[in-house]
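Okay, structure first, notes after.
The values are calculated or read from the model by the stated rules, or taken from the named source; none is laboratory data. All of these numbers come straight from a predicted model, not from anything done at the bench. Counting neighbours? That spans all protein chains shown, and the Cβs are built from the backbone with ideal geometry, glycine included.
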Amino acid sequence: MAKVPYTVPTLDVLPTVPSIKPGAMSELKSYVAVAAHQEPLGFPGELVANWEQAAVAKMGELLGKYKSLRVYLDMCVKCGACTDKCHYFLGSGDPKNMPVARQDLMRDIYRYYFTPTGKVMGALVGAKPWTRERLDDWYNYFHQCSQCRRCSLFCPYGIDTAEISMAAREIMDSIGLGQKYCNEIIGKVHKIGNNLGLPEPALVNTLEGLEEDVLDATGHAVKFPLDVEGADVLFVTPSADFFAEPHVDGLIGYAKVFHQMGLSWTMSSYASEAGNFGMFIGNYEQMRKIAMRIREAAIQLKVKRIVFGECGHAWRVAYAFLNSLAGPFDFLDPRYPVPQHIMELTRGAILSGAIKLDSSANADKVVTVHDSCNIARATRMGPEPGSQFEYPRFVLQAACPKFVDMHPDATRERTFCCGGGGGLLTDELIDIRIKGAKPRVEALRDVVEQHGVTHMASMCAICKSQFTKVLPYYGYDMGMVQSVHQLVSNAILLGGNS
Amino acid sequence: MTGLSVFYAALLYVSAAVLVAGLAFKIRQYWTTPAPLKIAVTPAPTTQVGAYVRVAREAALFESLFYSNRWLWIFAMAFHAGLALVLVRHLRYFINPVPDLLALIQPLGVYGGMAMVGGLLVLLLRRFVIDRVRYITRPSDILMLLLLIGIGVSGFGMKFLNHTDVVAVKAFIMGLYVFDIRELPAEPPLLAHLFMVALLMIVFPFSKLLHAPGVFFSPTRNQADDPREKRHLAAWAAKLEG
């Protein structure tokens, strides 16, 4: 692959807002999907001839289907409260990475084609007709949004740029201008069953290998069951957990928790992926199709519960959307929420004494936690609002003797995206991924210097992949990044009480 | 009856009609457009009542803005709260007889006007001074602030410089209720004031002023965080289940 140019920003002390640098990221473009990626998803293989009209027609359709889009395109007052909230703006200074300016890329077109004001006095409100240049701006900047919704948290009206970037990607897909990274991956889910294209025999092989490894390391026959009919729990986890580092250590952790709890569980080769990139491209039908695999696997394997592994956007789709997309789940055991997060199980097991952790196993570490954007701002893990923050912290504090939180402006609901979410975790976007990680790395550096933090736990496959890749650019070791259940895996006491 | 009075009566009828019809159209549109997925920004209330309280706090206290940008919150609050007091003060021109309570809080309106214009001036200034805000500012954003400042300043003109015959103004307005066009005092500040208010009413449903009704329809704020407990399904999405 050609070497992609990048620059690494100098870290600042929080909170620093850069001066605007117009055009700083205007040339950064992720690879465009070709027909082989587009057509299996039902999208045109290349940019259609009458794309201007087609895009306007699609926008009109979405305006009728999504209240968010309808209201958010009208109501922004350009107050600027969001302008210093996006990690991509903070890292790059490109003003089109300010949430409001990113939205305006669509709002200008909306005003021109859909509002009386835009039609009568377009210049006053900035209404603009389609040009090829504007379409290119859409493509580049709507793929520099990780849909993390930090802007929406701080907007006085809750305007959600993610909703707008999802709609923009949906419109672009519908006129034949899709993104290779997302659409190729969605194709793999449909064809092979998971984002990474890991076929069933390889999966079987991997899981058998893990069983041997754990047996060798611990002397306990911890199982990694696949396609076991009649198991109680269907466990769905991002496919990166099957081999990437530190993801796979997290998978070992889940397996040890299930083993020690004595729960009968299984993974599915048919639904061997928790991720759902249908969300990133804003396409309800794709998102639904991908989600239905999990329903079908649950029915096929006759399970009673569904549990998800560590993955941010997957947990958003699972927690917030699965019931809409693939429900109702009345065939499952009504005593458990559908679906559950592995953190809920682990926390519950620690509280009930079903598993015991010896935190001295992690005594060599000072641990902090990166709240994943989708988990933080779109979900819960338990009955209480905020459990998405408390449960991981409870588990981490049980597994690690030394735990330190990062700055309040960079944690919990104010957390910064890792810089690689929302369909940006692709090599050609490395420049914006490095820059987008800047606010997180600044907060991390702060606790490293103040409290001697050595490791950062993460509960998302994308965050883990992104950080292991970009932390070295800032002078930190990729080994700092840990799965939450990797730390659990180190500390859990096997045998005895099962 | 002068041509001027007829012109202003017509202007106010038209602008009020545009405001009401335009807002009714937009509110109906917002109301009826489905929200197919649960997208509340969390942590969020888990009950619908809780979500309504969250929206009420946003509308009344600008809660998110408070945590987002304290300075902006102060001046936005000065403007909006000031405007609210001014509107209350103006009720006496629309209600007969004037209730005692209204008469009592009447003097506050003047301070409200000062807060409003002061807040607006700062909001205008920051559009030129802060580079990020300058970048996102469109001509309409400036014009909207100038229009509101113009309304405030012309109002002060009547209060402090060119005292208007408010009794005659009230008679004119009460006349409008019964389609009886009475004489409007031909005072320049009053005419400017009313003209700009009419313009604001006309522009309202076509502009970013739609944030006023819109804030109540924002799914990230008005939805309860209960997707695991209750199945949420839009009509168009249900059709996909075939």
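Restricting attention to the stretch B:183-196 and to residues that are free of Cβ contacts under 8 Å to residues at least 60 places away in the same chain and in a helix (DSSP H, G or I), the residue that is nearest to B:ARG28 (Cα to Cα) turns out to be B:MET196.
In the stretch A:334-349, how many are in a loop (DSSP other than H, G, I, E, B) and more than 11 Å from every other protein chain (Cβ to nearest Cβ)? Steps first, please.
As a first pass, look at the stretch A:334-349 and keep what is in a loop (DSSP other than H, G, I, E, B): A:334-339.
In the following step, the residues that additionally are more than 11 Å from every other protein chain (Cβ to nearest Cβ) were identified as A:334-335.
Residues meeting the conditions: 2.
Looking at the stretch B:41-99, which of its residues are of a type in the set (Phe, Trp, Tyr), in a loop (DSSP other than H, G, I, E, B) and surrounded by fewer than 20 Cβ atoms within 10 Å (Cβ to Cβ)? Step through it out loud before you land on a result.
Keep residues of the stretch B:41-99 that are of a type in the set (Phe, Trp, Tyr), which gives B:52, B:62, B:66-67, B:71, B:73, B:75, B:79, B:93-94.
Checking the rest, the ones that are also in a loop (DSSP other than H, G, I, E, B) come to B:62, B:94.
Scanning the stretch B:41-99 gives a single hit, B:PHE94.
For the stretch B:231-242, give me each residue that is closer than 26 Å to A:PRO337 by Cβ and either buried (at least 18 other Cβ atoms within 10 Å of the Cβ) or facing chain A (nearest Cβ under 8 Å) (or both). Of everything in the stretch B:231-242, those that are closer than 26 Å to A:PRO337 by Cβ and either buried (at least 18 other Cβ atoms within 10 Å of the Cβ) or facing chain A (nearest Cβ under 8 Å) (or both) turn out to be B:ARG231, B:HIS232, B:LEU233, B:ALA234, B:ALA237, B:LEU240.
The one condition from (1) in a helix (DSSP H, G or I); (2) surrounded by fewer than 24 Cβ atoms within 10 Å (Cβ to Cβ) that A:VAL441 does not meet is (2). Within the stretch A:136-185, the set of residues being of a type in the set (A, V, I, L, M) and more than 14 Å from chain B (Cβ to nearest Cβ) comprises A:ALA168, A:ILE171, A:MET172, A:ILE175, A:LEU177, A:ILE185.
Going through (1) surrounded by fewer than 16 Cβ atoms within 10 Å (Cβ to Cβ); (2) within 11 Å of chain A (Cβ to nearest Cβ); (3) under 24 Å from A:MET98 (Cα atoms) one by one, B:MET144 falls short only on (1). Do we have any residue at all in the stretch B:199-222 that's over 29 Å from A:GLY122 (Cβ atoms) and either in a helix (DSSP H, G or I) or facing another protein chain (nearest Cβ under 9 Å) (or both)? Yes - at least one qualifying residue is present in the stretch B:199-222. Summed over the stretch A:97-109, residues that are crowded, with 24+ Cβ neighbours inside 10 Å and either away from every other protein chain (no Cβ under 11 Å) or closer than 16 Å to A:GLY422 by Cβ (or both) total 5.
Regarding the stretch A:420-427, can at least one residue be identified that is buried (at least 24 other Cβ atoms within 10 Å of the Cβ) and assigned to a helix (DSSP H, G or I)? No, the stretch A:420-427 contains no residue that is buried (at least 24 other Cβ atoms within 10 Å of the Cβ) and assigned to a helix (DSSP H, G or I).
Taking only the stretch A:350-389 into account, find how many residues are in contact with a His (Cβ under 7 Å, 6 or more places away or on another chain) and within 14 Å of another protein chain (Cβ to nearest Cβ).
Kept after step one, since they are in contact with a His (Cβ under 7 Å, 6 or more places away or on another chain), are these residues of the stretch A:350-389: A:365-367, A:374, A:381.
Restricting the remaining residues to those that are within 14 Å of another protein chain (Cβ to nearest Cβ) gives A:374, A:381.
The number of residues fulfilling the criteria is 2.
The set of residues from the stretch A:198-252 being closer than 17 Å to A:SER489 by Cα and modelled with pLDDT under 95 comprises A:PHE243, A:ALA244, A:GLU245. Screening B:GLU183 with (1) more than 10 Å from chain A (Cβ to nearest Cβ); (2) buried (at least 19 other Cβ atoms within 10 Å of the Cβ); (3) more than 20 Å from the chain's Cα centre (by Cα) gives one miss only, at (2).
Mind checking whether some residue in the stretch B:124-133 is more than 14 Å from chain A (Cβ to nearest Cβ) and modelled with pLDDT of 95 or more? The answer is no; no qualifying residue exists.
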